[in-house]
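The next block holds one structure in the form of structure tokens; read it before the comments.
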Amino acid sequence: MRMTFRWYGEDNDSVSLEQIKQIPGVEGLVWGLHHRLAGEVWTEEEVMEVKAQADKQGFHLDVVESINVHEDIKLGLPTRDQYIENYKESLRQVAKVGAKVVCFNFMPVFDWTRTDLYKEMEDGSTALFYEKAKVEQMDPYELIEQTTTSGYTMPGWEPERLKTIEASLKAYETVTEEDVWENLGYFLNEVLPVAEAEGIKMAIHPDDPPWPVFNLPRMITSEKAIERYLSLSDSPAHCLTLCSGSLGANPNNDVPAIIRRFHDRIAFAHIRNVKIYDNGDFIESSHRTQDGSVRIDDVVKAYHENGFTGYARPDHGRHIWNEECRPGYGLYDRALGIMHLWGLWDAYELVKQKEEA
């Protein structure tokens with residue numbers, strides 16, 4: 001397991017590279033050009049600038065999250081071909097700084113959905129929260145307004161992207177889930193050969209949450225859906241980002257079992273916990289197994305017993321110790337999460353060594 005940490009760039013993150021450097025076992029940054037809109041080409045000058053920043057602290061840039069897929073590609077519009085060509089060029093550019101994995105998603109309109117960015121927990125910390133009944137009753141524009149008031153640009157909720165939200169929602173009124181699957185296949189057929197030539201694994205992220213929101217299609221939601229997705233291509237560049245929190249929000253998803261079945265296709269692991277309530281609400285808890293509903297101990301065990309050598313990162317953390325940060329992306333709780341994951345990994349490694357002795 002190769003530990004990484006998501007970083008949004010200089011002047012766009014409350015966490016510095018100097019701070020990340022002090023977290024044991026972190027070897028690389030999960031990065032992106034967050035000022036670039038979906039469909040725009042990432043330039044060599046820009047990616048080299050990030051590399052120069054990472055080099056100062058000895059971090060690699062093996063994992064990109066993410067080169068966003070333009071909505072016209074997901075909708076299958078005639079304009080998609082130019083945006084796909086732009087995507088291919090961006091892949092070629094990130095390969096120049098050593099990128100080996102590109103985490104992406106194909107979620108229509110909204111990359112992820114929460115109803116409260118700072119829901120207070122029993123211990124006084126706050127975390128990202130999803131209230132099921134509220135989503136079912138609220139207008140999507142109300143959700144947009146409250147999600148863009150944190151002071152930081154949120155991935156998938158960038159102001160420029162939201163300017164076209166009304167047109168996007170309208171466009172999906174006649175688009176079915178099967179249509180989106182077909183459009184996803186078209187996209188992969190075009191980009192996978194380029195990714196393979198550049199030594200990059202295209203690792204799709206599950207839908208978050210793993211069920212339809214605002215009547216929009218959702219595809220990567222379950223073990224069965226992952227099986228269908230992986231059957232679309234036998235290219236070695238065709239892989240998964242396995243997010244235990246996204247899939248784990250549905251209690252019917254056995255995340256450790258999914259890891260054991262598809263471990264050889266997982267290029268990137270997002271490891272986080274969620275606490276699910278009986279009414280369907282969920283909140284993002286600490287990484288500790290007992291604090292949530294996902295068996296994080298078994299998640300790590302599933303990776304360890306299958307000799308996982310891919311990249312991992314702690315995903316969303318709580319906001320603790322009065323830290324002011326991008327929602328879900330502070331320093332303290334993600335650093336604690338890393339140490340919990342390393343503790344589990346080291347324990348399983350010790351057991352293995354004893355069994356082999």
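Condition test on N279, is it part of a loop (DSSP other than H, G, I, E, B) and free of Cβ contacts under 8 Å to residues at least 40 places away in the same chain?
Working: part of a loop (DSSP other than H, G, I, E, B): yes; free of Cβ contacts under 8 Å to residues at least 40 places away in the same chain: no.
Here the answer is no, as N279 does not meet what is asked.
Looking at V41, V101, can you tell me which residue is under 20 Å from V194 (Cα atoms) and either among the charged types (D, E, K, R) or more than 16 Å from the chain's Cα centre (by Cα) (or both)?
Details: V101 fails: either among the charged types (D, E, K, R) or more than 16 Å from the chain's Cα centre (by Cα) (or both).
Checking each option against the conditions leaves just V41.
For Y329, state whether it is of a type outside the set (D, E, K, R) and crowded, with 22+ Cβ neighbours inside 10 Å. So that I can check it myself, show each step before the final result.
Details: of a type outside the set (D, E, K, R): yes; crowded, with 22+ Cβ neighbours inside 10 Å: yes.
The answer is yes for Y329.
Find all pairs meeting these conditions: Cβ atoms under 8 angstrom apart; at least six residues apart or on different chains; first residue within region 67-93 and over 16 Å from I204 (Cα atoms); second residue of a type in the set (K, R).
From region 67-93, the pairs are D72/R80.
Of V255, V351, which residue is among the β-branched types (V, I, T), more than 22 Å from S14 (Cβ to Cβ) and without any contact (Cβ under 8 Å) to a residue 40 or more places away in the chain? Walk me through it before giving the result.
Details: V255 fails: without any contact (Cβ under 8 Å) to a residue 40 or more places away in the chain.
Testing whether each residue is among the β-branched types (V, I, T), more than 22 Å from S14 (Cβ to Cβ) and without any contact (Cβ under 8 Å) to a residue 40 or more places away in the chain leaves just V351.
Against the definition (closer than 18 Å to I200 by Cα, surrounded by fewer than 21 Cβ atoms within 10 Å (Cβ to Cβ) and at pLDDT 95 or above), how does V41 come out, yes or no? Walk me through how you get there before you give the answer.
Working: closer than 18 Å to I200 by Cα: yes; surrounded by fewer than 21 Cβ atoms within 10 Å (Cβ to Cβ): yes; at pLDDT 95 or above: yes.
Yes; evaluated as a whole, the condition is true for this residue.
Can you tell me which of (1) surrounded by fewer than 15 Cβ atoms within 10 Å (Cβ to Cβ); (2) in contact with a Cys (Cβ under 9 Å, 6 or more places away or on another chain) is the one E18 doesn't meet?
(2)
Here is a check on your reading of the model: is A195 touching a residue at least 24 places away in the same chain (Cβ under 8 Å), under 16 Å from I67 (Cβ atoms), of a type in the set (G, A, S) and touching a Cys at 6+ places or on another chain (Cβ under 8 Å)? Show your work before the answer.
Values: touching a residue at least 24 places away in the same chain (Cβ under 8 Å): yes; under 16 Å from I67 (Cβ atoms): yes; of a type in the set (G, A, S): yes; touching a Cys at 6+ places or on another chain (Cβ under 8 Å): no.
Against the criterion (touching a residue at least 24 places away in the same chain (Cβ under 8 Å), under 16 Å from I67 (Cβ atoms), of a type in the set (G, A, S) and touching a Cys at 6+ places or on another chain (Cβ under 8 Å)), A195 does not qualify.
Quick check, is D62 surrounded by 14 or more Cβ atoms within 10 Å (Cβ to Cβ), of a type in the set (D, E, K, R), in contact with a Lys or Arg (Cβ under 6 Å, 6 or more places away or on another chain) and within 23 Å of A312 (Cβ to Cβ)? I'd like the intermediate steps shown before the answer.
Numbers: surrounded by 14 or more Cβ atoms within 10 Å (Cβ to Cβ): yes; of a type in the set (D, E, K, R): yes; in contact with a Lys or Arg (Cβ under 6 Å, 6 or more places away or on another chain): yes; within 23 Å of A312 (Cβ to Cβ): yes.
The answer is yes for D62.
Do we have M3 as surrounded by fewer than 22 Cβ atoms within 10 Å (Cβ to Cβ), at negative phi, part of a strand (DSSP E or B) and of a type outside the set (D, E, K, R) here?
Values: surrounded by fewer than 22 Cβ atoms within 10 Å (Cβ to Cβ): yes; at negative phi: yes; part of a strand (DSSP E or B): yes; of a type outside the set (D, E, K, R): yes.
Yes.
Regarding region 84-98, can at least one residue be identified that is buried (at least 18 other Cβ atoms within 10 Å of the Cβ), touching a Ser or Thr at 6+ places or on another chain (Cβ under 8 Å) and at pLDDT 95 or above?
Checked against the condition, which is being buried (at least 18 other Cβ atoms within 10 Å of the Cβ), touching a Ser or Thr at 6+ places or on another chain (Cβ under 8 Å) and at pLDDT 95 or above, region 84-98 yields at least one hit.
Any residue at all in region 248-258 that is farther than 17 Å from D208 by Cβ, part of a strand (DSSP E or B) and out of contact with any strand residue (DSSP E or B) (no Cβ under 6 Å at 6 or more places or on another chain)?
Initially, region 248-258 is screened for residues farther than 17 Å from D208 by Cβ, giving 254, 256-257.
Now restrict to residues that are part of a strand (DSSP E or B): none.
Checking region 248-258: not a single residue is farther than 17 Å from D208 by Cβ, part of a strand (DSSP E or B) and out of contact with any strand residue (DSSP E or B) (no Cβ under 6 Å at 6 or more places or on another chain).
Of the residues V50, V63, only one is β-branched (V, I, T), closer than 23 Å to G328 by Cβ and in a helix (DSSP H, G or I); which? Spell out the reasoning first.
Values: V63 fails: in a helix (DSSP H, G or I).
Answer to the selection: V50.
Give the residue that is nearest to F106 (Cα to Cα), with candidates limited to residues of region 228-270 that are among the aromatic types (F, W, Y) and out of contact with any Cys (no Cβ under 8 Å at 6 or more places or on another chain).
Step one: of region 228-270, the residues among the aromatic types (F, W, Y) are 229, 262, 268.
Imposing the further condition that a residue be out of contact with any Cys (no Cβ under 8 Å at 6 or more places or on another chain) reduces the set to 229, 262.
On the way: Y229: 12, F262: 20 Å.
So the residue we want is Y229.
With the requirement that a residue be under 30 Å from E142 (Cα atoms), charged (D, E, K, R) and either under 21 Å from the mean Cα position of the chain (by Cα) or in a strand (DSSP E or B) (or both), what does region 73-98 give you?
Of everything in region 73-98, just one residue is under 30 Å from E142 (Cα atoms), charged (D, E, K, R) and either under 21 Å from the mean Cα position of the chain (by Cα) or in a strand (DSSP E or B) (or both), namely K74.
Over 17 Å from the mean Cα position of the chain (by Cα) and touching a residue at least 12 places away in the same chain (Cβ under 8 Å): is that true of H316 in this structure?
Details: over 17 Å from the mean Cα position of the chain (by Cα): no; touching a residue at least 12 places away in the same chain (Cβ under 8 Å): yes.
Judged against the criteria, H316 is not a match.
Inspect region 64-79 for any residue being modelled with pLDDT of 95 or more and farther than 30 Å from G185 by Cα and give the result as yes or no.
No, region 64-79 contains no residue that is modelled with pLDDT of 95 or more and farther than 30 Å from G185 by Cα.
List pairs: first residue in region 203-221 and among the hydrophobic types (A, V, I, L, M, F, W, C), second residue modelled with pLDDT under 90 and outside any strand (DSSP E or B) anywhere in the structure, Cβ distance under 6 angstrom, at least six positions apart or on different chains.
Matching pairs, first to second residue: V213/T113; F214/P140; L216/V109.
Step by step: first the residues of region 6-15, then only those that are assigned to a loop (DSSP other than H, G, I, E, B) and not aromatic (F, W, Y), then the one that is surrounded by the most Cβ atoms within 10 Å (Cβ to Cβ). Which residue is that? Talk me through it step by step, then tell me what you get.
Start the filter on region 6-15 by keeping residues that are assigned to a loop (DSSP other than H, G, I, E, B), which leaves 7-15.
Those still in the list that are not aromatic (F, W, Y) too: 9-15.
Working: G9: 16, E10: 11, D11: 5, N12: 12, D13: 19, S14: 15, V15: 21.
If we take residues in region 6-15 being assigned to a loop (DSSP other than H, G, I, E, B) and not aromatic (F, W, Y), then V15 is surrounded by the most Cβ atoms within 10 Å (Cβ to Cβ).
Restricting to region 191-226, and then to whatever is buried (at least 17 other Cβ atoms within 10 Å of the Cβ) and part of a helix (DSSP H, G or I), can you tell me which residue is nearest to the chain's Cα centre (by Cα)? Working first, answer last.
Pass one, region 191-226, residues buried (at least 17 other Cβ atoms within 10 Å of the Cβ): 191-192, 194-195, 198, 200-210, 213, 216-222, 225-226.
Filter once more, keeping what is part of a helix (DSSP H, G or I): 191-192, 194-195, 225-226.
On the way: V191: 19, L192: 19, V194: 22, A195: 19, A225: 17, I226: 15 Å.
Applying the filter and picking the extreme gives I226.
For the list (1) of a type outside the set (D, E, K, R); (2) surrounded by 20 or more Cβ atoms within 10 Å (Cβ to Cβ); (3) more than 16 Å from L192 (Cα to Cα), I need the number of the one condition that M48 fails.
Looking at each condition in turn, M48 falls short on (2).
The values are calculated or read from the model by the stated rules, or taken from the named source; none is laboratory data. Please read all numbers here as calculations on a predicted model, not as lab measurements. In this analysis, Cβ positions are derived from the backbone assuming ideal geometry, glycine residues included, and neighbour counts consider all displayed protein chains.
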